[in-house]
Amino acid sequence: MSVQEPSAFSLYRADMLNIYDIPVQQVQGVGPQKAEELQSLGIHSVGDLFDYYPYRYEDYRIRDLAQVKNGERITVQGRVCSEALIQRFGKKARISCKVMVEELVIKAVWFNQLYIKDRLKPGTDVVLTGKWDQHRLQITVSVYEFSSGAHSPRTGTLQPVYTLSGSISQKWLRKIMGQALKQYSSHIAEILPDQIIRKRSLMARAQGIQLIHVPEDHKEGQAARTRIAYEELFLFQLKLQAFRQLNRARADGVAHKIEAETIRQFAETLPFTLTESQKKVVNEIVKDLRAPYSMNRLVQGDVGSGKTVVAAIALYAVVKSGHQGAFMAPTEILAEQHARTLKRWFEPLGIEVALLSGGMAERKRRDLLASLQSGLTDIVVGTHALIQEDVYFRSLSLVVTDEQHRFGVNQRAVLRRKGMMPDVLSMTATPIPRTLAITAFGDLDVSTIRERPKGRKPIQTFWVKDDMLDRVLEFIEKELAQGRQAYVITPLIEESDKLDVQNAVELYELLSAHFDQYKVGLLHGRLPSDEKDATMRKFSEREIELLVSTTVIEVGVDVPNATLMIVYNADRFGLSQLHQLRGRVGRGAHQSYCILIASPRTEQGVERMTVMTETEDGFEIARRDLELRGPGDFFGTKQSGLPEFKVADLTHDFELLEWARDDTAELVAKSEFWTGVAYASLRDFLYREQIFNGEIID
Ligand code: ADP
Ligand code: MG
């Protein structure tokens with residue numbers, strides 16, 4: 001008999017069998033063939049079988065007909081009190097009879113099951129499940145039992161409904177589950193520490209498993225579900241928190257020497273004073289940079305909150321302490337903008353900044369790579385290809401990633417594979433709802449920039465229908481006449497980059513003709529990158545006043561004099577995308593506007609337009625977005641990096657997730673956790689999940 005690898009975790013006590021080591025064939029009624037089919041559902045051991053949870057329950061509890069609403073699905077118990085009657089219509093046939101339920105005579109109806117006629121004899125006891133028609137006092141039967149006294153185990157209960165495959169039937173799986181519980185439930189070991197179970201008033205694991213499969217009522221099923229969901233989130237968070245704890249202990253990062261005075265002096269050279277929020281976040285970062293463990297921090301701040309300067313200060317600090325930094329952006333346009341900004345701030349101070357761009361001439365590129373390797377260049381800016389390519393540094397100690405949500409979550413792994421352990425600072429303008437941040441980036445510290453720079457006026461947002469274009473054009477004219485600049489975002493054609501471009505070109509021609517006294521520019525993804533850069537540079541220097549663009553400028557672009565954002569077919573964009581687009585304006589002291597042109601055809605489209613006009617708060621928008629789309633979609637399903645759970649559900653189990661985060665953080669901070677006997681099986685779990693190799697979760 002071969003023992004399977006435990007699939008989830010195996011926790012043991014000397015006096016207990018480990019249910020994850022017991023092959024599922026040991027359950028009475030599971031033969032070799034069925035065992036094989038169970039394997040295709042991922043069920044190898046008895047433990048796996050227990051962890052195969054139902055996704056809903058069917059209600060076979062016997063109901064009092066007086067309390068049933070019309071159309072509800074019910075189960076009743078009664079006695080046949082008439083001969084069966086058969087009616088035929090064309091190919092269909094219907095069989096019916098009268099049934100006495102309590103004091104009431106009802107009619108029971110079956111379709112196309114003539115073979116049961118012989119069994120419907122007056123006096124037969126039946127249990128019927130089906131849809132109730134209150135007006136006709138009639139039940140259309142979908143499930144039935146003829147019984148002489150003893151009912152099947154289904155009657156009177158909630159029955160679990162499982163995902164099935166192969167020849168495994170619902171009925172068989174229920175039977176096997178019941179059998180397995182009978183044989184082995186006393187061997188279900190507790191996983192969670194006692195004090196947590198008490199603190200959170202959770203069920204014991206054995207009880208949770210018993211009741212999630214066979215609950216008395218929905219409330220019990222719910223309580224069991226809570227226990228199991230918490231456990232999933234706990235184990236997930238335990239990995240993250242343990243990993244962080246070990247990472248700290250490992251002290252494998254650079255302990256930068258940074259004087260407070262250095263930072264203060266640099267801040268004074270900036271054209272503005274930092275907000276309190278920015279100062280707070282800078283302090284958090286500097287603390288990490290000074291510490292010997294490698295930093296992994298996410299700066300979360302709404303569009304326009306001023307994240308770039310925070311990153312710049314961090315870069316300045318590491319350069320001043322003798323190291324190099326890399327700054328990565330999701331697009332070439334943005335990389336170029338950041339390079340320009342950093343050069344403006346740093347070059348007067350003798351810090352060498354270079355842009356590594358895709359379209360660079362081979363020779364120039366080779367020179368740049370050499371100067372990074374020798375340490376002549378202090379800071380390199382580029383797209384995320386930067387760390388993946390053959391770029392080597394004399395001493396890279398900080399990697400900044402702008403718009404981190406665009407990159408996926410694997411950078412640290414990439415860096416490690418190259419043998420580098422720099423501090424990592426990620427920035428995101430997509431305000432990730434707190435709970436998602438906890439899950440997806442559980443091994444990150446999160447800093448939040450809460451306020452925007454002073455003197456910013458709220459952006460006024462209008463939603464107009466397609467037929468109001470003339471007024472929109474007048475509005476653009478008015479802003480341009482006052483010396484402001486405007487963006488016009490062209491319609492998005494699903495899945496068609498080519499049509500997007502065509503649209504942009506046509507709109508550009510139209511608007512150039514209309515605004516012939518102004519300089520109009522065009523930007524789209526198919527332009528060569530030097531042309532894109534040139535256009536963007538012209539826009540930022542006001543040589544272009546009206547910029548027609550596809551969503552290539554969606555994130556990060558910063559031109560404070562631009563005050564007007566027009567979005568065509570705005571209902572085709574997602575909420576967070578619209579928020580990003582709107583965030584291109586409102587970056588200076590002037591009043592800014594966002595005009596969404598849309599005649600939405602779906603309810604969701606209307607909802608999105610409404611949300612946009614109602615709020616400018618990125619956090620609120622992300623929350624509404626999440627509601628409208630669900631969390632998978634939020635990060636773009638598979639790319640999301642979000643873990644998948646069997647029972648826990650990130651949209652609804654917010655509170656459990658926070659409990660799990662807090663409880664595990666507290667747990668791993670105790671030295672007892674790493675040495676105490678009581679925690680041996682949890683440590684064992686971590687060991688199997690390879691937490692100790694420092695490889696996972698990035
Ligand atoms: P985001 O957080 O969206 O990346 P940026 O870093 O691009 O925002 O900053 C938006 C604009 O605000 C930039 O023009 C930047 O120079 C400016 N800015 C940043 N911090 C301040 C501040 N404390 N006071 C005034 N302006 C600021
Ligand atoms: Mg930015």
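The values are calculated or read from the model by the stated rules, or taken from the named source; none is laboratory data. Remember, predicted model here, so these are calculated numbers, not experimental data. So basically every Cβ, Gly included, is an ideal-geometry build from the backbone, and we count neighbours across all protein chains shown.
Specify the residue that is nearest to residue 462 (Cα to Cα); the eligible residues are those in region 536-582 that are of a type in the set (D, E, K, R) and in contact (Cβ under 8 Å) with a residue 60 or more places away in the chain. Walk me through how you get there before you give the answer.
Our first condition is that a residue be of a type in the set (D, E, K, R); within region 536-582, this holds for 537-538, 541-543, 545, 554, 558, 571-572, 582.
Next, only the ones that are in contact (Cβ under 8 Å) with a residue 60 or more places away in the chain stay: 537, 545, 558, 572, 582.
Numbers: 537: 29, 545: 21, 558: 22, 572: 16, 582: 11 Å.
Among those residues, the one meeting the criterion is 582.
Can you find a residue in region 250-272 that is of a type in the set (Lys, Arg) and surrounded by 13 or more Cβ atoms within 10 Å (Cβ to Cβ)? Don't jump to the end; show me each part of the working.
Going through region 250-272, the residues of a type in the set (Lys, Arg) turn out to be 250, 257, 264.
Right, trim to surrounded by 13 or more Cβ atoms within 10 Å (Cβ to Cβ) and you get 250.
Yes, some residue in region 250-272 is of a type in the set (Lys, Arg) and surrounded by 13 or more Cβ atoms within 10 Å (Cβ to Cβ).
Could you tell me which numbered condition residue 306 fails, if it satisfies all but one of (1) within 16 Å of ligand 2 (Cβ to nearest atom); (2) more than 17 Å from residue 453 (Cβ to Cβ)?
(2)
Across region 392-404, what is the number of residues that are surrounded by 19 or more Cβ atoms within 10 Å (Cβ to Cβ) and over 23 Å from residue 446 (Cβ atoms)? Can you show your working first?
Of region 392-404, the ones surrounded by 19 or more Cβ atoms within 10 Å (Cβ to Cβ) are 393, 396-404.
Keeping just the survivors that are over 23 Å from residue 446 (Cβ atoms) gives 393, 396.
Qualifying residue count, region 392-404: 2.
Quick one: residue 373 ticks every box in (1) within 16 Å of ligand 1 (Cβ to nearest atom); (2) within 22 Å of residue 256 (Cβ to Cβ); (3) of a type in the set (S, T, N, Q) except a single one, so which number is it?
Evaluating residue 373 over (1) within 16 Å of ligand 1 (Cβ to nearest atom); (2) within 22 Å of residue 256 (Cβ to Cβ); (3) of a type in the set (S, T, N, Q) leaves (1) as the failure.
Restricting attention to region 622-653, report how many residues are in a loop (DSSP other than H, G, I, E, B) and modelled with pLDDT of 70 or more. Explain how you work it out, then say what you get.
Going residue by residue through region 622-653, those that are in a loop (DSSP other than H, G, I, E, B) are 630, 635-636, 641-653.
Now restrict to residues that are modelled with pLDDT of 70 or more: 644-650, 652-653.
Adding up the residues that qualify gives 9.
If I filter region 586-600 for residues that are away from ligand 2 (no atom under 16 Å from the Cβ), in a helix (DSSP H, G or I), in contact with a strand residue (DSSP E or B) (Cβ under 6 Å, 6 or more places away or on another chain) and not charged (D, E, K, R), do I get at least one hit? Walk me through how you get there before you give the answer.
To start, the set of residues in region 586-600 that are away from ligand 2 (no atom under 16 Å from the Cβ) comprises 589-600.
So of that shortlist, the ones also in a helix (DSSP H, G or I) come out as none.
No: zero hits.
What number goes with the only condition from (1) touching a residue at least 60 places away in the same chain (Cβ under 8 Å); (2) of a type in the set (D, E, K, R); (3) closer than 21 Å to residue 457 by Cα that residue 620 does not pass?
The number of the failed condition is (1).
Can you tell me which residue in region 244-259 is nearest to ligand 1 (Cβ to nearest atom), limited to those that are over 26 Å from the mean Cα position of the chain (by Cα) and in a helix (DSSP H, G or I)?
Initially, region 244-259 is screened for residues over 26 Å from the mean Cα position of the chain (by Cα), giving 248-259.
With in a helix (DSSP H, G or I) added as a condition, the list becomes 248-250.
Details: 248: 28, 249: 33, 250: 32 Å.
Ranking the candidates gives 248 first.
Every residue, every condition in (1) under 29 Å from the mean Cα position of the chain (by Cα); (2) at pLDDT below 85; (3) within 16 Å of ligand 2 (Cβ to nearest atom), yes or no:
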| residue | (1), (2), (3) |
| --- | --- |
| 372 | no, no, no |
| 412 | yes, yes, no |
| 415 | yes, yes, no |
| 421 | yes, yes, no |
| 442 | yes, yes, no |
| 446 | yes, yes, no |
| 449 | yes, no, yes |
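Each row is one residue, and each column tells you yes or no for (1) surrounded by 20 or more Cβ atoms within 10 Å (Cβ to Cβ); (2) within 18 Å of residue 20 (Cβ to Cβ); (3) small (Gly, Ala, Ser).
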position: 173; (1), (2), (3): yes, no, no
position: 183; (1), (2), (3): no, yes, no
position: 193; (1), (2), (3): no, no, no
position: 206; (1), (2), (3): no, yes, yes
position: 240; (1), (2), (3): yes, no, no
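Filter region 580-622 for residues that are hydroxyl-bearing (Ser, Thr, Tyr) and within 15 Å of ligand 1 (Cβ to nearest atom) and give the result. Before the answer, list the steps.
Taking region 580-622 as the starting set, the residues that turn out to be hydroxyl-bearing (Ser, Thr, Tyr) are 592-593, 599, 602, 610, 613, 615.
Once the filter is applied, which keeps residues that are hydroxyl-bearing (Ser, Thr, Tyr) and within 15 Å of ligand 1 (Cβ to nearest atom), region 580-622 yields only 592.
Could you check region 516-562 and list, in sequence order, the residues that are more than 35 Å from the chain's Cα centre (by Cα) and assigned to a loop (DSSP other than H, G, I, E, B)?
516, 517, 518, 519, 541, 542, 543, 544, 545
So residue 229 passes all but one of these: (1) away from ligand 2 (no atom under 16 Å from the Cβ); (2) more than 27 Å from the chain's Cα centre (by Cα). Which condition number does it fail?
Result: residue 229 fails condition (2) only.
Considering every residue within region 260-271, establish whether at least one is in a helix (DSSP H, G or I) and either in contact with a strand residue (DSSP E or B) (Cβ under 6 Å, 6 or more places away or on another chain) or within 12 Å of ligand 1 (Cβ to nearest atom) (or both). Talk me through it step by step, then tell me what you get.
Kept after step one, since they are in a helix (DSSP H, G or I), are these residues of region 260-271: 260-269.
The next check asks that each one be either in contact with a strand residue (DSSP E or B) (Cβ under 6 Å, 6 or more places away or on another chain) or within 12 Å of ligand 1 (Cβ to nearest atom) (or both); those that pass are 267.
Scanning region 260-271, I find at least one residue that is in a helix (DSSP H, G or I) and either in contact with a strand residue (DSSP E or B) (Cβ under 6 Å, 6 or more places away or on another chain) or within 12 Å of ligand 1 (Cβ to nearest atom) (or both), so the answer is yes.
Give region 101-141 a look and list any residue that's in contact (Cβ under 8 Å) with a residue 60 or more places away in the chain, farther than 12 Å from residue 76 by Cα and either among the aromatic types (Phe, Trp, Tyr) or surrounded by fewer than 15 Cβ atoms within 10 Å (Cβ to Cβ) (or both), or say none. Let's see the steps before the verdict.
Filtering region 101-141 down to residues in contact (Cβ under 8 Å) with a residue 60 or more places away in the chain leaves 127, 129, 131-135, 139.
Add one more test, that the residue is farther than 12 Å from residue 76 by Cα, and what stays is 133-135.
Within region 101-141, 134, 135 meet the criteria.
Out of 286, 310, which single residue is of a type in the set (Val, Ile, Thr) and either within 30 Å of residue 683 (Cβ to Cβ) or without any contact (Cβ under 8 Å) to a residue 40 or more places away in the chain (or both)? Walk me through it before giving the result.
On the way: 310 fails: either within 30 Å of residue 683 (Cβ to Cβ) or without any contact (Cβ under 8 Å) to a residue 40 or more places away in the chain (or both).
Answer to the check: 286.
Report, by residue number, each residue of region 293-332 that is in a helix (DSSP H, G or I), buried (at least 21 other Cβ atoms within 10 Å of the Cβ) and either among the small types (Gly, Ala, Ser) or more than 9 Å from ligand 1 (Cβ to nearest atom) (or both).
The answer is 311, 312, 313, 314, 315, 316, 317, 318, 319, 332.
In region 40-64, which residues are buried (at least 22 other Cβ atoms within 10 Å of the Cβ) and of a type in the set (A, V, I, L, M)?
43, 46, 49
Got at least one residue in region 65-87 being farther than 21 Å from residue 137 by Cβ, buried (at least 18 other Cβ atoms within 10 Å of the Cβ), aliphatic (A, V, I, L, M) and touching a helix residue (DSSP H, G or I) at 6+ places or on another chain (Cβ under 8 Å)? Break it down stepwise before answering.
First pass over region 65-87, keeping only residues farther than 21 Å from residue 137 by Cβ: none.
Looking for residues that are farther than 21 Å from residue 137 by Cβ, buried (at least 18 other Cβ atoms within 10 Å of the Cβ), aliphatic (A, V, I, L, M) and touching a helix residue (DSSP H, G or I) at 6+ places or on another chain (Cβ under 8 Å), one finds none in region 65-87, hence no.
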